[in-house]
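A short worksheet on the structure shown next.
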Amino acid sequence: MERCGCGSLVPVEDGPRHPYMESAPACWRMYGELTTRLLAPGAAVAQPSHVDCFATQHTGGADSDQRQRSSIAVHLVALCARIERGIPAGQVQRLRPRVSAAVLPTLGMDEWPLFTPPDHYGELTVAVLWNLPDDEFGASLADWPGCVWSAWEHQHATVRVWTDALLGAG
């Protein structure tokens, strides 16, 4: 077993990794399988925030990779828009690609800052969800965004400003 950047203990595997999010190969595989499950025809639970949750729980490398800093910012804005501003999931999916283009110039920023990640990303991770029995999966999946957003409480004030800049630009 190895500890992934999200804090989960996952099997040691050889395999692909995300190009810039630091995750263990097993965690990246579980994320792919979870995504496939969520997108399957007739899936009982749709949760487009799983993308935001995974990204903001795998923050390693942001100190040296602007793509990672951008990813963290964009996905935190998406979580804020969904959780605090009540933006429907489908609209958040359409807003996500516009975050950098709308927020950075509006706030006079050239690039996203480096955030200090939380000490703990919350109790729910992709590995936890992947291992849940079907009768617990849906409720836990629905709780995952709030769990992750709470973990980032130390950055909420900044992310709220960014979210409001996005929503005001649109």
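So ARG96 passes all but one of these: (1) surrounded by fewer than 17 Cβ atoms within 10 Å (Cβ to Cβ); (2) within 15 Å of the chain's Cα centre (by Cα); (3) over 19 Å from ASP143 (Cα atoms). Which condition number does it fail? Every listed condition holds for ARG96 apart from (1). A single member of ARG17, ARG29, ARG67 is surrounded by 18 or more Cβ atoms within 10 Å (Cβ to Cβ) and more than 21 Å from TRP149 (Cβ to Cβ), and it is ARG29. Considering the stretch 128-157, and only residues there that are among the polar types (S, T, N, Q) and in contact (Cβ under 8 Å) with a residue 12 or more places away in the chain, the residue that is surrounded by the fewest Cβ atoms within 10 Å (Cβ to Cβ) turns out to be SER150.
Read-outs: derived from the displayed coordinates by stated rules, not from any lab. Computed from a predicted model, the values in this text were never measured in an experiment. As a convention, Cβ positions derive from the backbone with ideal geometry for all residues, glycine included, and neighbour counts pool all protein chains shown.
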